[in-house]
Amino acid sequence: MHVGFVALMFYHLSKLSLNRIGTLALYLSIPRLAAFIAVIAAYFYAGMAGFGLPAQRAFIMIAAFMLAQCLCRHSSVINSYCLALALVLLFNPLAPVSSGFWLSFIAVAVLVFFVNQPDKLQTSGLVKLALMFRTQFFIFLGLLPFMLLFFQQSSISAPLVNLLAIPYVTLLIVPLCLLILLLSYFSTELLVYFCFCAERLLKFFLSMLELINQHLPEALLDLPALAIWQWIMLLLGIILLLFGLTRNKNSWLLILAFLSFIPVLISRDNKLDPNEFKLDVLDVGQGLALIVRTRQHVMLYDLGPKYSDSFNAGEGIILPYLRSQNINNIDKVLVSHGDSDHSGGLSSILSAYPATDYLVSDLTPFSSQYNYSLCREGQHWNWDGVNFEILHPDRDTYNSNNSSCVLYISNAKHSVLLTGDIEAQVERQLLRSGSNINADILIAPHHGSKTSSHKRFIEAVSPDYVIFSSGYLNQFNHPHPDIVKLYTNSGTISLNTAETGSISWIIGEDDVLPEAILYRQANNRFWRVLR
């Protein structure tokens, strides 16, 4: 939007300035020259913004819309919109993979097709405010199906925030920042003064956002993940609703729109059978996070890594996956140990599920407000005919990797062994304890490190599958080739999340273990075939 604002500002300023040079019109078309200057200004502004994909997209759209002026030809807004869409796809064929591509072009499409400006706009400020709110409401409706498709949620407060933010940032902050950039070449004193003004304006803007957040703390519209036919019906309903609201409030279109929304309210029942459980090993990079589901219960085992202060696997991977699976409640969270590649997403999960039972080997991150306890050998529970048993640790002393909570999950036919980051010392201890560790599926200890998975342990577990949860080209060289070879020689099928994406099983009481569902295989894309 700001790239467009800069282009529009330079267009009108150039046109105004050039019109004062009367003789110039004898040699050049003033509108054509102004449009050319506007495109150059938009290019430099997008460059100053870093020329990221959104800025590139905005510049191409501006250039397409200005092309008609540059060529002195009349072109409809729809033609310019389609030309911009074609150019974006020409320069970046993989743009549709990005959610930003869809959201930006859908927002512009709503403005082009549904937000009709009146021929004679009344000067009343109240009418202008109503028109602005109507525009934001239409954009909210148009983006709603795509927000729910990509994120399973949408902000109800977005129209109100945009109503404040768009004029404030566009008319105050952006021009002031451009002025500061210009003054940086001339006057230090003026530069400092205007920087102070910009800081005050930004602080006031952030305080307004904070005020809205305080009064609308739960302003999120959450919907269950929809089947494709439900989403198509929702999209159809939104289109009919927009046409109904903009075509003299056609009642038949409005009725059809609301009838199209009915399938969205039908919930999908994906419950498992008794004695059946589903295992989802998520692809979180160099770390571990998995979800175990029975008919009525859900458990998280480990929460993936923390990549930075602004991104961790809990917020960026686990919670979106739970929403996509219509999982609203978690019965238990088991954090095997305190290493950041296993507990990095803990803060986000604690915020989302503060009342959940937490079973941990390290109490350091917890305060009295949470329901937590230490995992210890001998703890066990049964959910819907599926048994869960803690095999390790057996003492209170915390010892990083070797204090990992080892969990054995089984029904009448099959079993899974979750080992965290235990090393050879604990593997030998498990063998001496006499515990049943024979399993069909083994989550490889310590991501396949050379310090784990010694031969006798592999023989005792005798898994059909071993899963290495590791990052692509990770710095630890996990899984180590010698360990992979050791499993392969024992007849075990090795799977690596870095290669397959997430890995899932629905494990029932059939005699034969079902095949794994590999995300990248089940959701193949043409660029993976071209590698």
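The values are calculated or read from the model by the stated rules, or taken from the named source; none is laboratory data. Predicted model, so just to flag it, every value in this text is computed and none were measured. Virtual Cβ from ideal backbone geometry, glycine too; neighbours counted across all protein chains shown.
When each of I483, I507, I503 is tested for being crowded, with 17+ Cβ neighbours inside 10 Å, farther than 22 Å from L94 by Cβ and in contact with a His (Cβ under 8 Å, 6 or more places away or on another chain), the lone residue that passes is I507. Total residues in region 237-253 satisfying the condition of being surrounded by fewer than 16 Cβ atoms within 10 Å (Cβ to Cβ), in contact with a helix residue (DSSP H, G or I) (Cβ under 9 Å, 6 or more places away or on another chain) and not hydroxyl-bearing (S, T, Y): the figure is 3.
Residues in region 79-115 that are of a type in the set (F, W, Y) and part of a helix (DSSP H, G or I): Y81, F91, F101, W102, F105, F113. If the condition is being touching a residue at least 40 places away in the same chain (Cβ under 8 Å) and surrounded by fewer than 18 Cβ atoms within 10 Å (Cβ to Cβ), then region 390-406 contributes Y398, S400. Residue by residue through region 158-178, note down the ones that are within 30 Å of G237 (Cα to Cα) and either exposed (fewer than 15 other Cβ atoms within 10 Å of the Cβ) or touching a strand residue (DSSP E or B) at 6+ places or on another chain (Cβ under 7 Å) (or both). Of everything in region 158-178, just one residue is within 30 Å of G237 (Cα to Cα) and either exposed (fewer than 15 other Cβ atoms within 10 Å of the Cβ) or touching a strand residue (DSSP E or B) at 6+ places or on another chain (Cβ under 7 Å) (or both), namely L164. May I ask you to verify whether Q136 is within 30 Å of L265 (Cα to Cα) and in contact (Cβ under 8 Å) with a residue 60 or more places away in the chain? When the stated conditions are applied, Q136 does not pass them.
Just a yes or no: is a residue in region 326-334 within 20 Å of I441 (Cβ to Cβ) and not assigned by TED's automatic domain parsing to the domain that holds V406?
First pass over region 326-334, keeping only residues within 20 Å of I441 (Cβ to Cβ): 332, 334.
Still in the list and also not assigned by TED's automatic domain parsing to the domain that holds V406: none.
Taking every residue of region 326-334 in turn, none turns out to be within 20 Å of I441 (Cβ to Cβ) and not assigned by TED's automatic domain parsing to the domain that holds V406.
On the stretch given as region 357-367, residues that are surrounded by fewer than 20 Cβ atoms within 10 Å (Cβ to Cβ), touching a strand residue (DSSP E or B) at 6+ places or on another chain (Cβ under 6 Å) and of a type outside the set (D, E) total 1.
Taking strands (runs of 3 or more DSSP E) that do not extend beyond region 277-342, which have at least 3 residues that are modelled with pLDDT under 95?
306-308
Within region 179-191, the residues that satisfy the criterion of being surrounded by fewer than 16 Cβ atoms within 10 Å (Cβ to Cβ) and either touching a helix residue (DSSP H, G or I) at 6+ places or on another chain (Cβ under 8 Å) or modelled with pLDDT of 90 or more (or both) are L179, L181, S184, L190.
Just the residues that are farther than 26 Å from G434 by Cα and polar (S, T, N, Q), please, taken from region 345-383. Passing the criteria: S347, S348, S351, T356, T364, S367, S368, Q369, N371.
Number of residues in region 140-172 that are part of a helix (DSSP H, G or I) and closer than 30 Å to W229 by Cβ equals 14.
Taking residues in region 152-179 that are in the same structural domain as Q214 (by TED's automatic domain parsing), and partners anywhere that are small (G, A, S) and at pLDDT 85 or above, the pairs with Cβ atoms closer than 6 Å and at least 6 places apart or on different chains are L176/A198. Of the helices (runs of 4 or more DSSP H) lying entirely inside region 173-250, those containing at least 2 residues that are basic (K, R) span 188-215. Flag: L87 matches the condition of being surrounded by fewer than 18 Cβ atoms within 10 Å (Cβ to Cβ), closer than 16 Å to Q56 by Cβ, at pLDDT 80 or above and hydrophobic (A, V, I, L, M, F, W, C).
Each residue in region 422-441 was checked for being buried (at least 24 other Cβ atoms within 10 Å of the Cβ) and touching a residue at least 40 places away in the same chain (Cβ under 8 Å), and 1 of them qualify.
Every residue, every condition in (1) under 26 Å from D421 (Cβ atoms); (2) surrounded by fewer than 20 Cβ atoms within 10 Å (Cβ to Cβ); (3) touching a Phe, Trp or Tyr at 6+ places or on another chain (Cβ under 7 Å); (4) hydrophobic (A, V, I, L, M, F, W, C), yes or no:
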| site | (1), (2), (3), (4) |
| --- | --- |
| N275 | no, yes, no, no |
| L279 | yes, no, yes, yes |
| R295 | no, yes, no, no |
| L300 | yes, no, no, yes |
| N328 | no, yes, no, no |
| G338 | yes, yes, no, no |
| L350 | yes, no, yes, yes |
